[in-house]
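So the structure is just underneath, and the comments pick up after that.
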Amino acid sequence: MLSTKGVILLLLVCTVISPRSAFGKNPICTHGNMLEIVRKCEKFIRLQHPVPMFLCSPNSPCCEAVRKVRNRDMRCVYFLIELDKKVKLYSEHHILRLGDVCAPVSPPPPHHQVMV
């Protein structure tokens, strides 16, 4: 068995090398990202009477805030919401869906007009 110091050291190493970090030099998401998403997406992510997610336009202020998070990683945002103790107000499922709903819209293919 590992000693207490060994377990703590192992946890510390795992935390430092974890690729899904919310902290550090280049965080996936920041407290500011979380606050902006909560403010701009609140009607879509709240537990009580949320607006249906399909009404969230990819061009909305909500999606603009979501796209500021690296790889649209909403697990990181949800983690920060849990740390902020706001978790009882918002739906984990709805927050995680924002990453897909707010995927960048690809431009239509170029239209080549053929003249006869």
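The values are calculated or read from the model by the stated rules, or taken from the named source; none is laboratory data. Keep in mind it's a predicted model, so treat the numbers as computed, not measured. Glycine also receives a Cβ, built like all others from the backbone with ideal geometry; neighbour counts cover every protein chain displayed.
Please work out which residue is surrounded by the fewest Cβ atoms within 10 Å (Cβ to Cβ), limiting yourself to region 39-86 and to residues that are small (Gly, Ala, Ser) and not in a helix (DSSP H, G or I).
Of everything passing the filter in region 39-86, Ser57 is surrounded by the fewest Cβ atoms within 10 Å (Cβ to Cβ).
I'm checking my understanding of the structure. Among residues of region 87-97 that are assigned to a helix (DSSP H, G or I) and touching a strand residue (DSSP E or B) at 6+ places or on another chain (Cβ under 9 Å), which one is nearest to Pro50 (Cα to Cα)?
This residue is His94.
Quick check on region 18-36: of everything there that is among the hydrophobic types (A, V, I, L, M, F, W, C) and within 12 Å of Asp84 (Cβ to Cβ), which residue is modelled with the lowest pLDDT?
By that ranking, first place goes to Ala22.
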